[in-house]
Every structure is written in structure tokens, then in C-alpha cells.
Amino acid sequence: MKQTGTRLTDASFEQLQSDAEKRGTTVSDLIRSIVVEHYNNVAEKAELMAIKTSLAAVAETVKNLASTT
């Protein structure tokens, strides 16, 4: 596992610390879970956009077929 460092404002760190305590975890684990969730959401959105594009292409094909018959 790689390690990284990030500078945060006092307010941001205090919020993370408070949230971590409420969840019974560490600030490091909370940050890790936030990052993983973010990237999972980005991947999911990309997959949904690909599906939307494919469905639009299918709809256009069906529309074209319907207009030729």
C-alpha cells in the first residue's frame, strides 16, 4: 500500500476527525473510504454514460428502420 500526505485546513481536519470518531474509525480509514467511494462513483457514471450512448444508438436504428417500412 502506498502512502500520501495532504494538507488540510484546521476546519476540514476537525470535520474529518469528528466524522471518524462518530463512525468508530480513524481519519486515515475515513479518507481511504471517501476516495474509494469517489472513484467507484466515477466508474459507475462512466458505465452508465456508455449504456446511455448505446441505447441512444439502438433507438436511432429502430427509428430509422421504422421510417423505411
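Odds and ends about this structure:
- In the chain, the portion of solvent-accessible area held by carbon and sulfur atoms comes to 58 percent [1.4 Å probe, whole percent, DNA, RNA and ligands not counted].
- Nearest 10 degrees, 0 to 90: helix 27-68 Cα axis against the chain principal axis: 10
- Cα-based equivalent ellipsoid of the chain: semi-axis lengths in Å, sorted from largest, via gyration tensor: 47, 11, 10
- The accessible area of residue 65, taken with all protein chains in place and a 1.4 Å probe, comes to roughly 110 Å².
- Sparse-neighbour loop sites [trypsin sites (Lys or Arg not before Pro); the chain; at most 11 other C-beta within 10 Å; DSSP]: 2, 7
- Computed P(r) (all Cα pairs; the stretch 30-69; 5 Å bins; percent): 6, 22, 13, 13, 11, 8, 9, 6, 5, 4, 2, 1
- Using alpha-carbon coordinates, inclination of helix 10-23 to the longest axis of the chain, degrees: 80
- Length gained when the stretch residue 18-residue 67 is fully extended (0.36 nm per residue, less Cα-Cα span): 11.5 nm
- Inter-label distance for residue 26 and residue 57, nm, one decimal - labels placed 7 Å from Cα along Cα-to-Cβ: 4.6
The values are calculated or read from the model by the stated rules, or taken from the named source; none is laboratory data. What you see is a predicted model; the values in this text were computed from it and never measured. Here Cβ is always computed from backbone atoms with ideal geometry, including for glycine, and neighbour counts include all displayed protein chains. Heavy atoms of the whole protein, side chains included, go into the accessibility calculation; ligands, DNA and RNA do not. Shrake-Rupley method; radii C 1.70, N 1.55, O 1.52, S 1.80 Å.
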